[in-house]
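Here is the structure we will look at, set down as structure tokens.
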Amino acid sequence: MAYTILELLLTLVEKICVILVFAYLVSRTTYFQEILDKKFTLKNQAFMILIFGAFSIFGTYSGIQMFDAIAHVRDLGPMIAGLIGGPVIGLGVGLIGGVHRYFLGGFTCLSCSLATVLAGVFGGLIYKARKGEFIGVPGAVAFAALMESFHMGLALLLARPFEEALILIETVSVPMIFANAAGMFFFAFVLSNLIRERETAEERDQYQAELERKRQELKIAHEIQQSFLPDAIPLLKGFELAALNLPAREVGGDFYDFIPIAEDKIGVTIADVSGKGVPAALFMALSRTVVRTNARGNPSVAEVIEAANSSISADSKSGMFVTLFYAVLNLKARTLTYVNAGHNPPALFRALSSDIIMLKARGIALGAMDEIVLEERMLQLDRGDTVVFYTDGVTEAVNEREEQFGEERLIALINECHGLTAGALVERIKSAVLAFCGGAPQFDDITVMILKAGEAEDA
């Protein structure tokens, strides 16, 4: 008896290879994919019933004749069909396999046929109970083992003579339960991998779509933000202006601006919002608008920015702030009146003495406090004097050794290149910073603005 059981077991396990090939090929068909998506049509349901029905018949013919019965994997087709396609498909496959088995005859034909039909029905009921969600590998294997145990019980209950049925069950029960459970394991394993692949592909596609959507949004945000920067550099009698903004991301928090104040006055602003990305860009837009609004009517420089701070503080709920340097250039008097709200002090190169003066003044970043008081200062600009406005993205730019570009390098560069035009000096500073950084990523926005005094209007 032990030899017979071993022989049955080995023969039935051979069928696993066929099951694996069948599972792989069927699971890649369009109709099968539609069933997994719960998109049921007459065509894909008929396809599933016929294919798995044929597989059930194969399970009968690939078994081993024992007495007047066959040790088989016939029930595997209806079980799988029910688990993945529901009661209709499960019943259809069970009927094909069951009716075929019934007409083969034998004293177990009724019990075997009924078990095959019920295998599809029970699989379909599990599908309904789980609302179309696959039961998983462990659940499917347990179902197969229990179904074949139920099959053995039906044979003992219905097959006659009972003594022959008992001998048959003793012989085939272990290999049949094992073979059907093993076959279910491999099919369920293939199916589970397919479901994971589909879920991964769907998540990847969703991620790519979301990424593309965000790229488009950032592109639009970048275009909108760039529109807030001046379209052109104003032409000033007796002075040169040049500016550059290089965001670290698609959008950033740095900005510069030129604000018409009067016929012979122009406001110049450079600012750096705390943070990066879209929030900083939104805060930047708010700050720029507020400064421009308060500059109307030609109030004093300090009054403009103190009023701007009150508006920014009232509207800011995020804890963000902006450092800002604001100055008004009087073209006729050739004076620069300025306040510094916590910003990097611009560097003033004096042409007559070749000295570098940092334009410091007492002040605090806008949005940090509800009420601030700023120190207002004024200086005279002579021919050749050059003011370099910048944000900390210049001095705090780091290279691959994590060294900062620093204020000293900037001052040395100004001393070396002060004879260049304003536009050329901007490009020289940009090139120097990027060359210093090398392959290190840009972590902060880089903004530079140059004001260079030329010949006086009455010279």
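Figures for the structure shown
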{"quantity": "Count - residues of region 156-181 that are within 12 Å of F107 (Cα to Cα) and touching a Phe, Trp or Tyr at 6+ places or on another chain (Cβ under 9 Å)", "calculated": "7"}
{"quantity": "Test result for S353, polar (S, T, N, Q), in a loop (DSSP other than H, G, I, E, B) and either out of contact with any Gly (no Cβ under 8 Å at 6 or more places or on another chain) or farther than 16 Å from T269 by Cα (or both)", "calculated": "yes"}
{"quantity": "Residues of region 266-288 that turn out to be small (G, A, S) and either at pLDDT 90 or above or surrounded by fewer than 22 Cβ atoms within 10 Å (Cβ to Cβ) (or both), as a count", "calculated": "6"}
{"quantity": "Candidate set from region 121-137 (those that are at pLDDT 95 or above and under 17 Å from A181 (Cβ atoms)); member that is surrounded by the fewest Cβ atoms within 10 Å (Cβ to Cβ)", "calculated": "I126"}
{"quantity": "Single residue of region 336-369 satisfying the filter (buried (at least 16 other Cβ atoms within 10 Å of the Cβ) and of a type in the set (S, T, Y)) that is nearest to L381 (Cα to Cα)", "calculated": "T337"}
{"quantity": "Subset of region 406-429 that is under 37 Å from the mean Cα position of the chain (by Cα) and modelled with pLDDT of 95 or more - its residue that is farthest from N344 (Cα to Cα)", "calculated": "E427"}
{"quantity": "Hits in region 177-200 (condition: of a type in the set (K, R) and in contact (Cβ under 8 Å) with a residue 40 or more places away in the chain)", "calculated": "R198"}
{"quantity": "Among residues of region 73-95, those that are more than 18 Å from F40 (Cα to Cα) and crowded, with 24+ Cβ neighbours inside 10 Å, counted", "calculated": "7"}
{"quantity": "Every residue from region 245-295 that is free of Cβ contacts under 8 Å to residues at least 24 places away in the same chain and charged (D, E, K, R)", "calculated": "E263"}
{"quantity": "Residue within region 288-299 that is assigned to a helix (DSSP H, G or I) and small (G, A, S) present", "calculated": "yes"}
{"quantity": "Evaluation of R334 against (1) touching a residue at least 60 places away in the same chain (Cβ under 8 Å); (2) of a type in the set (K, R); (3) out of contact with any Leu (no Cβ under 6 Å at 6 or more places or on another chain) (one fails), failing number", "calculated": "(3)"}
{"quantity": "Subset of region 74-93 [out of contact with any helix residue (DSSP H, G or I) (no Cβ under 6 Å at 6 or more places or on another chain) and closer than 15 Å to I135 by Cβ]", "calculated": "I84"}
{"quantity": "Of all residues in region 289-302 being crowded, with 16+ Cβ neighbours inside 10 Å and of a type outside the set (G, A, S), the one that is nearest to N340 (Cα to Cα)", "calculated": "V301"}
{"quantity": "Flag for L211 being assigned by TED's automatic domain parsing to the domain that holds V18, farther than 15 Å from V73 by Cα and not small (G, A, S)", "calculated": "no"}
{"quantity": "Some residue of region 367-383 being without any contact (Cβ under 8 Å) to a residue 24 or more places away in the chain, over 43 Å from the mean Cα position of the chain (by Cα) and either closer than 29 Å to P441 by Cα or part of a loop (DSSP other than H, G, I, E, B) (or both)", "calculated": "no"}
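This table checks each residue for (1) hydroxyl-bearing (S, T, Y); (2) out of contact with any strand residue (DSSP E or B) (no Cβ under 7 Å at 6 or more places or on another chain); (3) without any contact (Cβ under 8 Å) to a residue 12 or more places away in the chain; (4) not in a loop (DSSP other than H, G, I, E, B).
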| position | (1), (2), (3), (4) |
| --- | --- |
| E400 | no, yes, no, no |
| R409 | no, yes, no, yes |
| L425 | no, no, no, yes |
| I429 | no, no, no, yes |
| A432 | no, yes, no, yes |
| Q442 | no, yes, no, no |
| V448 | no, no, no, yes |
| L451 | no, no, no, yes |
| E455 | no, yes, no, no |
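The values are calculated or read from the model by the stated rules, or taken from the named source; none is laboratory data. Just so you know, these numbers come straight off a predicted model, no measurement behind them. So basically every Cβ, Gly included, is an ideal-geometry build from the backbone, and we count neighbours across all protein chains shown.
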